[in-house]
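Presented below is the structure to which this report refers.
The values are calculated or read from the model by the stated rules, or taken from the named source; none is laboratory data. Remember, predicted model here, so these are calculated numbers, not experimental data. Don't worry about glycine lacking a Cβ; one is built from the backbone with ideal geometry, like all the others, and counts go over all protein chains shown. The accessibility values were calculated without ligands, DNA or RNA, using every heavy atom of the protein model including side chains. Shrake-Rupley method; radii C 1.70, N 1.55, O 1.52, S 1.80 Å.
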Amino acid sequence: MADAPRAGADAGRAGRGPAGPGGDLAFSAIAFVIALLPRLYVALAWAREPVWDGHYYDFGARRIAAGLGYSDDLIVGGQPVWHPWCHYPVGYSGFLGLVYKAFGGGPHVATVANAVTGALLVVVVHRLARRATTPARARVAALLAALSPGLIVYAALLMTEPLAALGLVTAPWLLARDAARGRLVRGAVLAGAALGLTALVRPQSLLCAPALALLSLRGPAGAAGAALAAWKRGAIAAAIAAVTALAVVAPWTIRNCRVMDGCALVSTNGGWNLAIGAFPRATGRFETLRAGDGCPITRGQVAQDRCWMAEGLRWIKNDPARWLALIPKKLSFTFDHESFPIGYLGEANPAAWPEERRAAGRRVLTASHLGLLSAAALGVVALPRLRPWRALVAQLAALAAVLGLVAWGALGDHHAFWPLAVAIPVLAALPLPGRPANGGVVGYLAFAVASVALTHAVFFGEDRYHMVVTPALCILAACALRRGEAAGAAARTGAR
């Protein structure tokens, strides 16, 4: 008994040291450097004039930096007239606008900012992974994110995905960190603020707010009353985070109501995207809508988006079977390859990216992504143990299911790996005997993957959309084939 205070003090120090969730800061710094160097090279050597959506993000950012707001000018009667925007979400242009205001609008300012953002993303992946798995596995997660070919190449693109991904992992890290310190409300407020800022970059990020409840389900297990109290605590944390996120978004929504032709929460492309995924010429990926498809171009942005929303709902109602049949194609376009970064670079600098080089780049990025997705699906499956037999059978079945999906994707005619993205949240949620600890951080990450799959099953798919959960896949891959809950509890009991 006399040794108890010393043991408690040692445990407290361990929680702050390399073995605790708050430790290993030195590796976080090393991971930042490892991530930054290749991203800086790409940002400086490969970047050219922004193309595709990047052109509009850059234009909006330069208008914001110049003090003109998120807008362009229309020529009316030979005179420029200020014209507000909100078709694209404002967050990324606002971020670049601040960067331009601070550092000028030179040709590589934005891409260097992207490189730093990507390196910070790796640091947060490491910090969050330490709350999901062992220190060694957390390092693996950070290295996977640091060396991801797709995330590295993205530094040269003026696109939203890495910034949105940073917000999606920062929010749960803030809540998990403060919940562990007994500061649940503060953590929920900080997580909500991070999620609100992320929603200004990618509005569908708000779908992840309910999953924040999983990060505060701490306390004694077993009794029904304790479980109910934990769920209440989680629900309160998620509610606080959601209200905070909406409060962060609210000033922009009020601005839209004031200066646009109607109110819009963040942007006015939801109706467009629904129509693209449902109109008669829909293929499951992006197709250009024309006025002849149903909505004239003489409307304001809000009215036009609402028109496309109504048309999209009408098309779905008139032929729901066709819309449902497009879902596998949409998910295939989203998860089965990774080619957008190379296509962007080839469009921006065709001379430097002949078709042979583009094809090679697409192969490298796609192979890396599919390997990561395959490993991530094992992040919600336990390493099978001989006892108890029910757990052994359940986890062998889960392992066989994942390996079967990998084989089907690799050997099948259509090379479809998207079922793995669906399997991740399904296997995480199933109460299989012997499963690993699939709540907390892992549960949140599986929910984030599900939110991307659901969003693009409803709207349309493109491979760039999976980039926002590539960091989540890195953490899940590092968690592959962990101990089951019972085995882990037994090991901890034996250690004590």
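Listed here are the residues, each with its yes/no results for (1) among the hydrophobic types (A, V, I, L, M, F, W, C); (2) under 30 Å from Leu190 (Cβ atoms); (3) open to solvent by 10 Å² or more (accessible area, probe 1.4 Å).
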position	(1), (2), (3)
Val249	yes, yes, no
Cys257	yes, yes, yes
Ser267	no, yes, yes
Gly312	no, no, no
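There is at least one residue in region 146-167 that is in a helix (DSSP H, G or I), open to solvent by 30 Å² or more (accessible area, probe 1.4 Å), touching a His at 6+ places or on another chain (Cβ under 9 Å) and not hydrophobic (A, V, I, L, M, F, W, C). Give me the residue from region 67-109 that is under 24 Å from Ala156 (Cβ atoms) and of a type in the set (A, V, I, L, M, F, W, C) and, out of that set, surrounded by the most Cβ atoms within 10 Å (Cβ to Cβ). Result: Leu96.
Listed here are the residues, each with its yes/no results for (1) touching a Ser or Thr at 6+ places or on another chain (Cβ under 8 Å); (2) within 14 Å of Val248 (Cα to Cα).
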position: Leu158; (1), (2): yes, no
position: Val169; (1), (2): no, no
position: Leu175; (1), (2): yes, no
position: Ala193; (1), (2): yes, yes
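Evaluation of Val441 against the conditions (1) of a type outside the set (D, E, K, R); (2) under 30 Å from Arg281 (Cα atoms); (3) touching a residue at least 60 places away in the same chain (Cβ under 8 Å) shows that the sole unmet condition is (2). In a helix (DSSP H, G or I), surrounded by fewer than 17 Cβ atoms within 10 Å (Cβ to Cβ) and at negative phi: which single residue out of Ala407, Ala450, Ala421 fits that description? Residue meeting the stated conditions: Ala407.
Among the residues of region 212-239, the ones that are modelled with pLDDT of 90 or more and over 17 Å from Ala180 (Cα atoms) come to 1 in all.
Scanning region 123-131 for any residue that is assigned to a loop (DSSP other than H, G, I, E, B) and over 26 Å from Ala360 (Cβ atoms) turns up at least one such residue.
Taking first residues from region 94-121 that are outside any helix (DSSP H, G or I) and partners that are open to solvent by less than 10 Å² (accessible area, probe 1.4 Å) and not basic (Lys, Arg), the Cβ contacts under 9 Å between residues at least 6 apart in sequence or on separate chains come to Gly105/Ala61; Pro107/Ala47; His108/Ala43; His108/Ala47.
Looking only at residues in region 424-435 that are touching a residue at least 12 places away in the same chain (Cβ under 8 Å) and assigned to a helix (DSSP H, G or I), which one is most open to solvent (accessible area, probe 1.4 Å)? In this case the residue turns out to be Ala429. Among the residues of region 174-204, those identified as without any contact (Cβ under 8 Å) to a residue 60 or more places away in the chain and crowded, with 24+ Cβ neighbours inside 10 Å are Leu174, Ala179, Gly187, Ala188, Ala191, Gly192, Ala194, Leu195, Gly196. For Arg306, the conditions (1) free of Cβ contacts under 8 Å to residues at least 24 places away in the same chain; (2) surrounded by fewer than 21 Cβ atoms within 10 Å (Cβ to Cβ); (3) not β-branched (Val, Ile, Thr) all hold with the exception of (1). Among the residues of region 225-263, just one is closer than 16 Å to Pro89 by Cβ and among the aromatic types (Phe, Trp, Tyr), namely Trp252.
Taking region 36-72 as the range and being within 17 Å of Cys86 (Cα to Cα), touching a residue at least 60 places away in the same chain (Cβ under 8 Å) and in contact with a Pro (Cβ under 9 Å, 6 or more places away or on another chain) as the test, the residues that pass are Tyr57, Asp58.
For region 343-381, filtered to residues that are of a type in the set (S, T, N, Q) and surrounded by 17 or more Cβ atoms within 10 Å (Cβ to Cβ), the residue that is nearest to Gln395 (Cα to Cα) is Ser374. Residue check: is Leu214 aliphatic (A, V, I, L, M) and crowded, with 22+ Cβ neighbours inside 10 Å? Here the answer is yes, as Leu214 does meet what is asked. Of all residues in region 125-145, those that are free of Cβ contacts under 8 Å to residues at least 12 places away in the same chain have Cβ atoms under 9 Å from Cβ atoms of residues that are outside any helix (DSSP H, G or I) and open to solvent by less than 30 Å² (accessible area, probe 1.4 Å), 6 or more apart or on another chain, in Thr134/Arg482.
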